[in-house]
Structure formats: C-alpha cells, structure tokens
Amino acid sequence: MNAPLQGHTVSKPIAAAQALLSVDNVSLEYRTPQRVVRATHQVSFEIDPADRFVLLGPSGCGKSTLLKAVAGFIQPVEGEIRLQGQRVDAPGPDRIVVFQEFDQLPPWKTVKQNVMFPLLASKTLKRKEAEERALHYLEKVGLAAFADAYPHTLSGGMKARVAIARALAMQPKILLMDEPFAALDALTRRKMQEELLLLWEEVRFTLLFVTHSIEEALVVGNRILLLSPHPGRVRAEVHSHQYDLHSLGGVAFQASARRIHRLLFDEGDVANASHELDFADIRIAY
Ligand code: ADP
Ligand code: MG
C-alpha cells in the first residue's frame, strides 16, 4: 500500500499554499472485453508552479497513462486529479502535451503556421496576435530564422523545438512531456535536455516530464517520482535540483543514479536502501 506523499519537503510549512496540480491516490485502468489492466495503483504527488517534476519508472509502469490522465484523456477509477483545486475531467488548453512523435507536425504547414495552429483552433488569439506569439516562442527556441520552413526540411532536434514552441505558445498552466527526446540520437537528446533547461530558466513554465532514463530524470527534473514496475505505485520521491548536464559522470551524480536504480528495482529492500541515501529530503512510500 502506498501512503500518500503529502507536502514536498520536511522544511515546507504546514500551511503551504495549494499545489498547482495534485494527484491524489489515483488508480488508472484499461478495460478490454477480455480483462482489466491496472496501469497505476493509488499514486499520489503534488506539483508546484515552476517545478520540473519527473515521472520515472520502467516501461509499462503507467507513466504515459498518468500523463494522459493529467491531460484529461482518461478518468481515474479511484482518486482524483486537481488543477488549482479544480477537478480534472476533460482535456483543456491549460494542459498541453508534447509527445515523442514530432513527425505529427502537419507537413503542409510552415513552422510558424504549425505553432499558430492551436492558438487559432482554440480561438485563444486572433491571427495577428497568434502570429506574434508564435514568432516570440520560435525565437525562444532559436528557430526564428526557420519560421517559413516546412517540417520535412528540419532535423529531429529542430522538430522537437517546434513542438515545444507550439506547446509553450499556448501558455499552459502545465506542460506535459512524454519521453519527448527518446527517439533522438544521443547527442541531439543531450542538446535538447540542455535547451529545455535554458528555456525553463527563461520562461519558468511548470513541467511534468516522463522518462524511463534515470540519467535524464536527474538532469531534467528538480523532483523525481519513482514508480514501481507494473502496475505503477509510488516507491519514493527524490529531489534532484542539484544536478544539471554539467553533473553528468560526476561522482555524486553517479551515486544518485545508482541509488535511484536500487529504489526502483530492489523489491522489498526499499527501507534498507533508504538508509544509505544521501538525498536531503527523500520520502519513501511503502
Ligand atoms: P509506460 O508509459 O510507463 O511505459 P503505459 O502507461 O503506456 O506505461 O502502460 C501501462 C500499462 O497499461 C501497461 O501494462 C500497458 O500494457 C497497459 N496499457 C497501455 N495502454 C493500453 C491500452 N490502450 N489498452 C490496454 N492496456 C494498455
Ligand atoms: Mg510511455
């Protein structure tokens, strides 16, 4: 059983402000005519504004399903998801998802038109303002010079940046990213992680980021929720704000990666593993 993890740090005041997003004891299931698949079991976490919150766990532990539930595409069978206190029960422009498949950018639209499209389709802005907003975010991701290019002329990394600009242009309350860099080659992937962090420094958006890579979680996240294999349950939550790309390969970074690996995979030994943890404020769920 997972105890709900409430509050983020030991030092956080008890009367803390309401979380931006709260996922409270959420179980998610898929029902097919043959059977019911439980994807996550009683998962709880909270995300504050400007968090870079990472869901980390092995393939099949329900990360994508959790993200879809936060996006409003799937309803929990147990528990509740709230955005600023409001129950999430449908998709909305306040939660934008960036998927891994950037090739979903409509090829007949230019980069700028791609970024403008959701703004126009959702009637968020009129054409002129949408164009200005699109150019603003294309500049932020370093693609202003490619505004009139077509997606097929772009590299994988550039398509990823268009997808991020398109999502940020909607100015969502929370940006949801599901393994956004998994299909990129290793060097481009690292570059995109770096650019995402630089962009965050500038825009300070709130991010919910899914990955199965421990290294990526440590680099991208300020907090990491560790999920057990199928069905996903919370194993622990760790703080990782001390790491960035410059930490890669460092002694402390590697030690943290090893400890996270133990927390994720050492069935039944979580309590012992936690004794050896150096994380300042790790919280373990049983
Ligand atoms: P992750 O993203 O962590 O790899 P998913 O959220 O995609 O995991 O899947 C969690 C579990 O739910 C897996 O066991 C998977 O097989 C199952 N699942 C995912 N999508 C469906 C679906 N559409 N129908 C039935 N089962 C599904
Ligand atoms: Mg997935």
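Give the percent of DSSP beta bridges with both residues in the chain that are antiparallel, rounded to the nearest 5.
Values: 22 of 40 bridges.
Just about 55 percent of them are antiparallel.
Could you give the length gained on full extension between Arg82 and Val203, defined as 0.36 nm per residue of separation minus the Cα-Cα distance, in nm?
So the chain would gain 41.2 nm between Arg82 and Val203.
Based on the Cβ-Cβ distance of Val37 and Asp89, what FRET efficiency does E = 1/(1 + (r/R0)^6) give at R0 = 30 Å, to the nearest 0.05?
Efficiency at R0 = 30 Å is approximately 0.90.
Spelling out what I want: for every residue of the range 246-255, take phi, set θ = phi - 60°, compute 6.51 cos²θ - 1.76 cosθ + 1.60 (Karplus), and round to whole Hz; glycine and proline get x.
6, 7, 3, x, x, 4, 5, 4, 5, 5
Counting other beta carbons within 10 Å of each residue's own, what order do Thr32, Thr153, Thr206 fall into, fewest first?
With the sparsest Cβ surroundings first, the list reads Thr32, Thr153, Thr206.
Give the lysines whose C-alpha is closer than 16 Å to that of Lys112, dropping any in the same chain fewer than 8 places away, or say none.
Within the straight-line cut-off, Lys112 pairs with Lys126, Lys128, Lys140, Lys159.
Dividing the alpha-carbon Rg of the range 131-181 by 2.2 N^0.38 Å yields what? Working shown, then result.
Details: Rg = 10.9 Å, N = 51, 2.2 N^0.38 = 9.8 Å.
Dividing the Cα radius of gyration by 2.2 N^0.38 Å gives 1.11.
Using a Gaussian network model of the chain whose springs link C-alpha atoms within less than 10 Å, name the residue from Thr124, Thr188, Thr65 with the highest mean-square fluctuation.
Residue with maximal mean-square fluctuation among Thr124, Thr188, Thr65: Thr124.
Normalised radius of gyration for the chain, please: alpha carbon Rg relative to 2.2 N^0.38 Å, two decimal places. Mind showing how you got there, number by number?
Numbers: Rg = 19.1 Å, N = 286, 2.2 N^0.38 = 18.9 Å.
Normalised Rg, Cα atoms only: 1.01.
Got a sec to turn the phi values of the range 56-71 into Karplus ³J(HN,Hα) couplings, 6.51 cos²θ - 1.76 cosθ + 1.60 with θ = phi - 60°, whole Hz, x for Gly and Pro?
In residue order, the calculated couplings are 10, x, x, 3, x, 7, x, 4, 5, 5, 4, 4, 5, 5, 5, 5 Hz.
Order by neighbour count: Arg204, Arg166, Arg95, fewest other Cβ atoms within 10 Å first, most last.
By the 10 Å Cβ count, ascending, the order reads Arg204, Arg95, Arg166.
Beyond 14 Å, what percent of the Cα pairs of the range 171-210 remain?
Details: 399 of 780 pairs.
For the range 171-210, the fraction of Cα-Cα distances above 14 Å is 51 percent.
Could you check the simple spin-label distance between Ala182 and Thr124, using points 7 Å along Cα→Cβ, in nm with one decimal?
Rounded to a tenth, the inter-label distance reads 2.5 nm.
Over the chain, what is the mean sequence separation of C-alpha contacts under 8 Å (at least six apart), divided by residue count, expressed as relative contact order in percent?
The value is 23 percent.
How large is the charge dipole for the chain, taken about the Cα centre, if only the Cβ atoms of Lys, Arg (+1) and Asp, Glu (-1) carry charge, to the nearest 20 debye? Walk me through the intermediate numbers first.
Numbers: 33 positive and 33 negative charges, 151 e Å.
Value, rounded to 20: 720 debye.
Whose amide H sits under 5 Å from the amide H of Ile96, counting only residues 5 or more places off or on another chain, with H placed in the peptide plane?
Ile174, Leu176
Does anyone have the angle between helix 156-169 and the longest principal axis of the chain? Alpha-carbon axes, 0 to 90°, nearest 10?
The two axes meet at around 90 degrees.
Only the coordinates and a few stated rules stand behind these numbers; no lab work does. As the structure is a prediction and not an experimental result, all values here were calculated from the model. Methodologically, a virtual Cβ is constructed for each residue, glycine included, from the backbone with ideal geometry; neighbour enumeration extends over all protein chains shown.
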